[in-house]
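Written below as structure tokens is the structure these notes are about.
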Amino acid sequence: MEADELLVLVAGGDQKAFEELYGLVSGPVYGLVRRVVRDPAQSEEVAQEVLLELWRSAAKFDPGRGSALSWILTVAHRRAVDRVRSARAAGEREQREALRANHPAFDHVAEEVEAGLEREWVRRCLERLTALQRQSVTLAYYEGYTYREVAERLSLPLGTVKTRMRDGLTQLRKCLGGVA
């Protein structure tokens, strides 16, 4: 049975279908999460969270919007990105707390300037992308569209959008010094 059929059965509470779906998608989910999160232990944790989320939210899958595997991998990618952002934010909080411990007089102006400089840095890096790459990246990461939705919105083949995204994100990563 294919993932689309299995996901519909899972939405109805079929545990056997979930076991089969788990076996079918756990590898690709872990692989995608591992590429985003990088840490093996956290990748396993995120992959398990994604698979648990599939059990809980299978009814949200709309076969009219794409394949089950695409939907599942989109869920996995979003969860992995959330984990990376959360970890980065926690690290930044710890760093700020350490600085505050050494410098009790907190300077709001300095923090606002720093945040403004970071936004400006990202904006400048986005400007270095081609207009087509910037458009795709903006739709996906700032407006929350999936790659498939970006392709539909721009009336382009999905492969073209994926290539633009890959190239654009590679350029951003280089521009931001490997931080992104």
Longest DSSP-loop-exposure-free segment, GluC sites (Glu not before Pro), the chain, at most 15 other Cβ within 10 Å: 3-142
Label point at residue 14 placed 7 Å out along Cα→Cβ; residues across segment 31-64 whose backbone nitrogen lies under 18 Å: 54-64
Cα gyration tensor shape for segment 121-180, rounded if a/c is under 1.5, else prolate or oblate: prolate
Solvent-accessible area, 1.4 Å probe, carbon plus sulfur percent, for the chain: 53 percent
Distance from segment 1-74 to segment 138-172 (C-alpha centre basis), Å: 22 Å
Gain upon complete extension [residue 112, residue 130; 0.36 nm per residue less C-alpha separation]: 3.5 nm
Top of 133, 48, 95 by mean-square fluctuation, Gaussian network on the chain, Cα under 10 Å: 95
Over 15 Å [Cα-Cα, segment 1-85], rounded percent: 51 percent
Projected area, mean over directions - the chain, Cα convex hull, nm²: 12.6 nm²
Straight-distance crosslink candidates among lysines, where the alpha carbon sits under 22 Å from residue 60 and sequence neighbours closer than 8 are dropped: 16
Compactness index (Cα Rg / 2.2 N^0.38 Å), segment 24-65: 1.26
Accessible area (Å², per residue) of the chain, counting only protein heavy atoms and a probe of 1.4 Å: 64 Å²
Solvent-accessible area of residue 39 with every protein chain in place, 1.4 Å probe, in Å² to the nearest 10: 70 Å²
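The values are calculated or read from the model by the stated rules, or taken from the named source; none is laboratory data. Owing to the predicted nature of the structure, the values given are computational and were not obtained by experimental measurement. Note: ideal-geometry Cβ built from the backbone for every residue, glycine included; neighbour counts use all protein chains shown. Just so you know, the surface numbers come from the protein's heavy atoms only, side chains and all, with ligands and any DNA or RNA stripped out. Shrake-Rupley method; radii C 1.70, N 1.55, O 1.52, S 1.80 Å.
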